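Every read-out reported here was derived from the displayed coordinates using simple, explicitly stated rules and does not represent laboratory data. Because the structure is a prediction, the values reported are computed rather than measured.
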Amino acid sequence: MNGMIAQAMAWWDGRSLREQRMLAVMGLLMFAVLAWLLIVRPVWAWRADAADQRVTAEADLSTIRRALGEAAPRSTGASGVDVQGVVAEVSAAGGVSPVMGMSPDGGLGFALSNVSTAGAFGWLAALDGRGIQASSLNVVENADATLSVEGALAAK
C-alpha cells in the first residue's frame, strides 16, 4: 500500500505546477459530475415520483369517499330494509365474509372469494328470505372447486 502511495506521489511530483492545477480542476469537475449523476438526480427523481404517487393517492381517496357517500344512502331500499345491516347479520350467521363495495351501477356490491357452492348460494338464499335480492351476479369456478362470486344487492 505504501509502495502505491509512493508511486502516486512520485508521479504527482513529476508534473509541472500547471499540470498539477489542471489535474486538480479535472478531478474536481469529475467529482461534481459524479455527485450530480449519483446523488442529485436520483433524489430529484425520487421526489417527483413521490409527488406523483401522492397526487394519485389523493385522487383515489376522493373517488372512494365519493363512492362511499353515494353508496350509503342507497343501502336502504324502497321497502325500508337496511341492506347493509341485514348483510352483516346473515354473513355472521352463515360463516361467509363478503367484501362489500360499490357495484358498477352504483348500488351496494359484494364479492365472495374461495367459498363453497353451498356457502355462496346459501348466503344468497338467506338474504332473499330477508327481503334482499341479488340484482346482478357473476359466478366463476376456481381451480380448487370453490367459487368467486361478485354482484350487486338491492331490496325487493
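Compared with the alpha-carbon gap, the fully stretched path from Leu28 to Ser148 is longer by 36.9 nm at 0.36 nm per residue. Within the listed set Ala93, Ala120, Ala32, the Gaussian network model of the chain (springs between alpha-carbon atoms below 10 Å) gives the highest mean-square fluctuation for Ala32. Helical runs assigned H by DSSP (4 residues or longer) give the chain a calculated mean residue ellipticity at 222 nm of -19500 deg cm²/dmol, each run adding -39500 (n - 2.57) before division by the residue total.
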